[in-house]
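Visitor: This is the structure, below, for whatever I ask next.
The values are calculated or read from the model by the stated rules, or taken from the named source; none is laboratory data. It should be emphasised that the depicted structure is a prediction, and the values quoted were computed from it without experimental measurement. When we count neighbours, we look across all protein chains shown, and the Cβ atoms used for this are built from the backbone with ideal geometry, even at glycine. Accessible surface areas use protein heavy atoms only, side chains included; no ligands, DNA or RNA. Shrake-Rupley method; radii C 1.70, N 1.55, O 1.52, S 1.80 Å.
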Amino acid sequence: MSSITIEASVYNLGDMELAKRIFAIPDTLVVAIGPPACIRILYFRALECGHLSKLKLIPISALDYTFGDYLEKIKGVVEAALRKACHQGIILYVSCPDLLCQTDFDRMVQELDNPQQIPVEIFKRGPMEKRKTSPSQRLDKIAAKIADFVKTRPLVLSKNEAVCELPPLAADYTGVLSLFPDDPAVCPFLMTGSGCANCPSSIDKLNHNPFIFSRFDDLQAVYGGTNDIGEAITKHFQIHHQTKESELFLSIGTPLTFMTGMNDHSLQTGDLFEMTGVIDTNGFQTAEEGVAKALLKIAKVTLKQVENRKKRINLIGYNPFLFGKRQHFHEIETCLTSLGYTVCFLGYESLDSFKTAAEAELNLVFSRHGLSLAKWMAEMFAIPYHFAMPIGLDGYNQWLKAVGALLKTAIPESYYVNNEPQPFPNIRVLLLGENEILDQLETAISNDFGIPTIRASKITDQELSQMTVTHIIADPLYQNRINMMSYQFIPMPYPSLSGNTYIELEYQYMGQTGYAYLKRFFVNEVTA
């Protein structure tokens, strides 16, 4: 059995050559199957290759794996693709958890209603399979089978107008890896066979936070080589002499370690670190949920009682997967600092500033995933908190009034913004997607502009054509799903969905800057 190794993350999209080869096979549909965290990256590889029409995603939930009855769901999707007669081959792109569960895809393929005998091939990917045969060799064999079928039984194909559905949201463990960017005092370790490092090393890398991860194969996963991983970590740090800077070691779980039970074991890392936190993420929850879980766990490990309060405010619940870059909070931060307060973004500054969080007079919570930490700090340290997102002028004024009351500070009138809603009688806005920012914009657009809104999580061109809509606010990934010719599109990136693809766009949503951003579109001052 080969030894388990530890590697440092490197920014890259990974396996692009393989992706180019698989999507280059003519008239072939790739059906990706597995936990949301495992198949998310394939969407962005298909997007990069310009082949979203050749990809179908089937996320499998933790409950699906528990009951083991999801093969019928997959069978239905594949048979529907066969009935469309758009493809001369279908490749089932299978991930590590199904290999460990020994899911019987072969039997399912044999039972398919496939009267034209279109090749349906199984392509097993990831560290649980690569020990046996290289991915490129396996793909070559599949491509050859499809090519032989095309030569002997060429089909008259229907036009393929399908576009891949949007990807699953970024995984919980990816959210944890966004914490404490550029702070050498925190060492994030991703416990994985190696494949789970792809998303946080590439599309879901939203800051400059490096991490380390394990590399092991199917046999080591089955035997649960937790002690071997601990020894590999010790060896890695001894070689690189990094432990002098590291105080907190975060062990972060993935679907692979969750399903093999390896998450239940603490790593034996000797006396390398002052503090260790085991974050029991599993890859089936979202990045925002992972951040909430990790912040509370880290707080319980690091925060201590203090005798004196300081003129400090903690911002809780900010994370880049919901809010994008911290610059969106510049207006809020400027307001609070001008009142004489030091502002700390918990989890996104140094570990030292996190450890002193109990010195604050007030916790301001900006998303529901910050509530668990705020409630715990209120119970343990008697720090009051306020939960609100200051989006829109009316929302900003209400937030400012509440903050002043909690701080028992008179907020100068000049800080408040007066606004009379302007008439926009011919505008109707569709808010497309699901996240807390869109929830708040639904109210803010009505209050600040007097414009009616419609909410939808997903929509077809036909449904959209039946609506009286002039503007659409959504993550730009939605533009791949609907025809935007008749509508003004207002970009509102949601990095949990689109990763870092659009995070650098000049968009706004908070306070006066958010109001000004939206107004430009409503008064036709922009054409994009």
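Visitor: Would you mind getting me the FRET efficiency between S350 and D27? Use the beta-carbon distance for r and R0 = 51 Å, nearest 0.05.
Guide: Efficiency for this residue pair is about 0.40.
Visitor: Write down the accessible area per residue of the chain in Å², having rolled a 1.4 Å probe over the full set of protein chains.
Guide: Accessible area per residue, the chain: 43 Å².
Visitor: Carbon and sulfur together cover what percent of the accessible area of the chain at a 1.4 Å probe radius?
Guide: Of all accessible area on the chain, carbon and sulfur atoms account for 49 percent.
Visitor: Also, I was wondering about something else. For a test of the definition: using alpha carbon positions, the gyration tensor, and the 1.5 limit on a/c, classify the chain as rounded, prolate or oblate.
Guide: Since a/c reaches 1.5 but b/c is at least a/b, the shape of the chain is classed as oblate.
Visitor: Considering only DSSP beta bridges with both partners in the chain, what is the antiparallel share in %, to the nearest 5?
Guide: In the chain, approximately 10 percent of DSSP beta bridges are antiparallel ones.
Visitor: Nearest 20 debye, what's the magnitude of the dipole of the range 295-414 about its Cα centre given +1 on Lys and Arg Cβ and -1 on Asp and Glu Cβ?
Guide: Its charge dipole is roughly 340 debye.
Visitor: Contour minus end-to-end for E111 and V156, with contour as 0.36 nm per residue of separation and end-to-end as the Cα-Cα distance?
Guide: Result for the pair: 13.8 nm of gain on full extension.
Visitor: Any idea of V150's accessible area? Nearest 10 Å², probe 1.4 Å.
Guide: The value for V150 is about 50 Å².
Visitor: If you don't mind, there's one more thing I want to ask. What is the Cα centroid distance between the range 62-113 and the range 298-355, reported in whole angstrom?
Guide: The range 62-113 and the range 298-355 have Cα centres spaced 46 Å from each other.
Visitor: Could you compute the FRET efficiency for T334 and A80, with r as their C-beta to C-beta distance and R0 at 56 Å, rounded to 0.05?
Guide: Approximately 0.55, to the nearest 0.05.
Visitor: Take the residue pairs K304/K401; K297/K375; K205/K304; K20/K56; K310/K401; K205/K325 and return only those whose Cα atoms are more than 24 Å apart.
Guide: K304/K401; K205/K304
Visitor: Using the beta-carbon distance between Q238 and N426 and R0 = 51 Å, what value does 1/(1 + (r/R0)^6) give for FRET efficiency, to the nearest 0.05?
Guide: So the FRET efficiency works out to roughly 0.15.
Visitor: Test of understanding: what is the full-extension gain from S465 to L406, defined as 0.36 nm times their sequence separation minus their Cα-Cα distance?
Guide: 16.5 nm
Visitor: Run lengths n ≥ 4 of DSSP H only: what is the helix-derived mean residue ellipticity at 222 nm for the chain, with -39500 (n - 2.57) per run over all residues, to the nearest 500?
Guide: -11000 deg cm²/dmol
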